[in-house]
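See structure below.
The values are calculated or read from the model by the stated rules, or taken from the named source; none is laboratory data. From a predicted model like this one, the values you see are computed outputs, not experimental measurements. Cβ placement follows ideal geometry from the backbone for every residue including glycine, while neighbour counts extend to all protein chains displayed. SASA here: full protein model, heavy atoms, side chains in, ligands and nucleic acids out. Shrake-Rupley method; radii C 1.70, N 1.55, O 1.52, S 1.80 Å.
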Amino acid sequence: MEPKRAGFWWRAGALLLDGVLLGILLLLVLAIQAYLDTQHLLDAPTRFVFSLLGYIVPLFYTATEIAIAGTPGKLITGLRITNLDGSEAPPWPGSCRGGR
């Protein structure tokens with residue numbers, strides 16, 4: 001049986017969900033950082049931690065794609081990264097966009 005491939009709109013919807021979720025997470029980090037800064041509670045080490053969070057949140061999205069074959073947006077829409085025959089893709093090569 002030929003596996004059913006996701007169409008453009010399912011993929012676009014998953015990408016849109018990823019953008020919204022990632023935007024919310026990054027906005028939350030920036031809002032907390034701004035609040036702490038206005039209250040003069042943001043010292044150099046804390047500022048460094050918040051700047052790291054700006055990189056860690058997007059890396060988390062990449063890690064989910066590698067570890068569980070899909071970003072949160074893909075998982076919400078029911079999409080998974082698979083091999084061409086529909087079998088489950090191995091974690092690292094399944095996330096590579098360049099093919100084999």
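Key figures for this structure:
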quantity	calculated
Carbon + sulfur, % of accessible area of the chain - ligands and nucleic acids excluded, 1.4 Å	71
Sorted peptide list for 60-72, 19-31, 37-49, criterion being average Cβ within 10 angstrom, highest first	60-72, 19-31, 37-49
Among (1) 16.7; (2) 18.0; (3) 15.5, the entry that matches Kirkwood radius over Cα pairs in Å as calculated here	(3)
Neighbourhood charge, 10 Å Cβ-Cβ cut-off, centred on ARG11 and excluding it, Lys, Arg +1 and Asp, Glu -1	+2
Table column - 3J(HN,Hα) (Hz), segment 5-11, Karplus curve with 6.51, -1.76, 1.60, x for Gly and Pro	8, 6, x, 4, 5, 5, 5
Accessible area in square angstrom per residue, the chain, 1.4 angstrom probe	75
